[in-house]
Amino acid sequence: MSSEEAPAVPKKKWSKRRKIIVSSSIISSILIVALLACVVIPYFSQIDRTYSWSYGGSEWTLNKTIPGNSYSHYKESSHTYQELYGASGYVYYVTDNDPEIESLAHSLYSDSVLSGCSKYETISFILAFIQSLPYTSDAVTTGHDEYPRYPLETLVDYGGDCEDTAILFASIVQTDWFNHDATLFLYPSHMAVGVWGTPSLGGGYYYQERYYLYCETTSDGWKIGEIPDEYEDVTPTFIDV
């Protein structure tokens with residue numbers, strides 16, 4: 001008696017359309033996970049940063065912890081105020097009332113007091129801190145030709161271009177810890193900061209019956225009142241902050 005072989009079970013074939021749908025679902029899942037990793041995790045995290053700089057023949061170090069949600073808040077805020085309002089739009093990036101900037105200013109103030117700095121020297125101390133941050137172009141770091149950073153972004157990103165470090169410097173010196181009047185100097189392709197002082201302390205400009213000393217924020221070694229040669233004979237646009 002011969003036994004009959006069981007019929008072979010046909011292999012299940014997926015249609016091209018189903019393959020495309022499944023592949024699309026997998027890609028979508030990967031993109032969602034990547035998006036969550038980039039946005040949600042930093043939002044709830046603590047961002048630790050360490051800054052080092054030289055001043056007065058000594059080496060200084062400052063540790064700063066920044067809440068991820070504070071950083072995300074500024075990343076998601078508008079970065080086009082200068083396009084909407086022209087030069088005056090830069091004032092919206094100055095955040096001297098931000099709690100994290102106030103906290104940073106307090107740390108810098110404490111260090112400057114411990115080192116015996118005068119009021120003028122405290123501004124030099126802050127300027128040295130700002131100048132230690134690397135210069136980075138917007139096109140390389142953000143993909144935008146023009147991307148003004150808020151101060152907290154510059155701190156987390158470990159630097160920025162001239163407008164970013166100028167805005168950070170102006171924000172710090174105007175906190176309650178220093179309470180020093182400042183204005184932004186806007187040139188055709190550059191930005192610097194002016195701090196209220198006297199002509200005897202260095203180069204600068206008269207604006208609204210006050211003399212503002214030039215402060216270069218983009219590289220080490222520039223002292224208050226030292227104006228680069230290319231800007232000595234150029235009158236900038238003054239931006240009240």
Quiz item: What pairs can you find where one residue is in segment 65-87 and closer than 20 Å to residue 100 by Cβ, the other is polar (S, T, N, Q), and their Cβ atoms are less than 6 Å apart, with a gap of 6+ or different chains?
Solution: 65/46; 68/45
Quiz item: residue 102: assigned to a helix (DSSP H, G or I) and surrounded by 12 or more Cβ atoms within 10 Å (Cβ to Cβ), yes or no?
Solution: yes
Exercise. Would you point out the residue of segment 108-136, among those that are in a helix (DSSP H, G or I), among the aliphatic types (A, V, I, L, M) and at pLDDT 95 or above, that is farthest from residue 220 (Cα to Cα)?
Key: 108
Practice problem: Identify the residue in segment 104-130 that is among the hydroxyl-bearing types (Ser, Thr, Tyr) and without any contact (Cβ under 8 Å) to a residue 12 or more places away in the chain and, among all such residues, is nearest to residue 147 (Cα to Cα). | Solution: 110
Quiz item: Can you pull out the residues in segment 187-213 that are within 21 Å of the chain's Cα centre (by Cα) and surrounded by 18 or more Cβ atoms within 10 Å (Cβ to Cβ)?
Solution: 190, 191, 192, 193, 194, 195
Practice problem: Determine if segment 78-90 includes at least one residue that is within 25 Å of residue 225 (Cα to Cα) and surrounded by fewer than 18 Cβ atoms within 10 Å (Cβ to Cβ). | Solution: yes
Quiz item: Residues of segment 57-76 being loosely packed, with under 14 Cβ neighbours inside 10 Å and not in a strand (DSSP E or B), which ones?
Solution: 57, 69, 76
Quiz item: In the set 189, 171, 200, which member is within 23 Å of residue 113 (Cα to Cα) and of a type in the set (Gly, Ala, Ser)?
Solution: 171
Exercise. Could you pull out every one of the strands (runs of 3 or more DSSP E) wholly within segment 137-241 that has 3 or more residues that are in contact (Cβ under 8 Å) with a residue 12 or more places away in the chain and closer than 15 Å to residue 82 by Cβ?
Key: 182-187, 237-240
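The values are calculated or read from the model by the stated rules, or taken from the named source; none is laboratory data. None of these values were measured; they are calculated from a predicted model. FYI the Cβ positions are ideal-geometry reconstructions off the backbone, even for glycines, and counts take in every protein chain you see.
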